[in-house]
Amino acid sequence: MKQQVMFLLIGLGFITFNTLSFAESHNMMSSAKIKNNENTIEGVEHPECKLDSDCPSSQYRCEVIAGIGTIYPMNIEPSTFTITKGVCKLKEGNRCHVDSDCIAGLLCHANVCTSPIGQQCNGPNDTSCPSDFECVKGCGPPDSRVGESYPLRYFCQLKGYIRRCPICLAESTWIDTPLGSVPVKNLQKGMPIWTMNKAGQRISGTVIETSRTLVPPSHQMVRLVVDDGRELLASPGHPTIDERTVGDLVTNDLYDGAHVVTATRVLYGKGSTYDILPSGETGFYWANGILLESTLH
């Protein structure tokens, strides 16, 4: 069975948006106009667009506000998605005034659109990161993976940037398997699980990783409700199948064949979050009937 994934993109949240505390550290300068053919600033211009070619220069990309059509997971078929309303935003490396000048996921740092998360590095003492970046632990690994140790992963991260972690599921989440729905916290390596292949087909796989991550009492989750009745409680940074995160979804977005009714932040109130990794090509699985990508993929 081929599953089409249709959705309304709002801002293309490829990376978790910067937090207010970091944005406030930037100098919020007034707007004017950017010259079309130069990488210098006189101010800010965000003309509406439907194609990249509608923008002032190749320094911009047409970022989606709304659109119609179908995008398939893993690009298994050509996309039929068309932008109906977009806005020109600056690509990485171009001059800017404020974060909103840049495409989603970038920050305006030192008046340049910059990704706050860079290359992988080797630990706190690694000095290979660019100026103004530091080598810090990424969103993971989890506190435990059943049956094995797992090396810490570090990344060059812009100093002062706060990354939203952890990025896993509530303990009450049910995962679709050939044996029926199973609580995520009860899944173990070797158990069967439903996943999706690159052809968009639902296939049987095997759990090859399980994880549990401790969270503080203040940890917030997103309570996602879609209009066909499905609900999910997940960390804001948990990846969707379309290069967004659960925290990027907003009311009226179209995701996994349904419209988002609400996507509100709530206190979790539990001590741990959980995730699993299915075998196969994509890392996709169904949580409370909603198709997601594993954080362990």
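The values are calculated or read from the model by the stated rules, or taken from the named source; none is laboratory data. These figures come from a predicted structure and were not determined experimentally. Note: ideal-geometry Cβ built from the backbone for every residue, glycine included; neighbour counts use all protein chains shown.
Just checking, does segment 100-109 include any residue being assigned to a strand (DSSP E or B), within 21 Å of Asn252 (Cα to Cα) and modelled with pLDDT under 95? Please lay out each step first, then the result.
First, the residues of segment 100-109 that are assigned to a strand (DSSP E or B): 102, 107-109.
Going one step further and asking which of them are within 21 Å of Asn252 (Cα to Cα), we end up with none.
There is no residue in segment 100-109 that is assigned to a strand (DSSP E or B), within 21 Å of Asn252 (Cα to Cα) and modelled with pLDDT under 95.
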TODO: Go through the residues of segment 151-170 one by one and say whether even a single one is crowded, with 19+ Cβ neighbours inside 10 Å, assigned to a loop (DSSP other than H, G, I, E, B) and among the β-branched types (Val, Ile, Thr).
DONE: yes
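Applying the selection to segment 255-269, what residues are in a strand (DSSP E or B) and surrounded by fewer than 20 Cβ atoms within 10 Å (Cβ to Cβ)? Step through it out loud before you land on a result.
Start the filter on segment 255-269 by keeping residues that are in a strand (DSSP E or B), which leaves 255, 258-267.
Within segment 255-269, Ala258, His259, Val261, Thr262, Thr264, Arg265, Val266, Leu267 meet the criteria.
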- [ ] Determine the pairs where a residue that is assigned by TED's automatic domain parsing to the domain that holds Thr282, located within segment 179-203, has a partner that is assigned to a helix (DSSP H, G or I) with Cβ atoms under 7 Å apart, the partner being 6 or more residues away or on another chain.
- [x] Met196/Pro73; Lys198/Met74; Gly200/Pro73
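Residues to consider are Ser279, Ser235, Ser272, Ser211; find the one that is touching a Gly at 6+ places or on another chain (Cβ under 9 Å), under 21 Å from Lys189 (Cβ atoms) and surrounded by 19 or more Cβ atoms within 10 Å (Cβ to Cβ). Please lay out each step first, then the result.
Numbers: Ser279 fails: surrounded by 19 or more Cβ atoms within 10 Å (Cβ to Cβ); Ser235 fails: under 21 Å from Lys189 (Cβ atoms); Ser272 fails: touching a Gly at 6+ places or on another chain (Cβ under 9 Å).
From the options Ser279, Ser235, Ser272, Ser211, the qualifying one is Ser211.
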Open item on the list: I'd like the full set of residues that are in a strand (DSSP E or B) and more than 17 Å from Leu296 (Cα to Cα), limited to segment 193-221.
Closed with: Gln201, Arg202, Ile203, Ser204, Gln220, Met221
Open item on the list: If I filter segment 75-86 for residues that are of a type in the set (Ser, Thr, Tyr) and modelled with pLDDT under 75, do I get at least one hit?
Closed with: yes
Open item on the list: Among the residues in segment 222-236, are any modelled with pLDDT under 90, in a strand (DSSP E or B) and either within 26 Å of Gly180 (Cα to Cα) or touching a Pro at 6+ places or on another chain (Cβ under 9 Å) (or both)?
Closed with: no
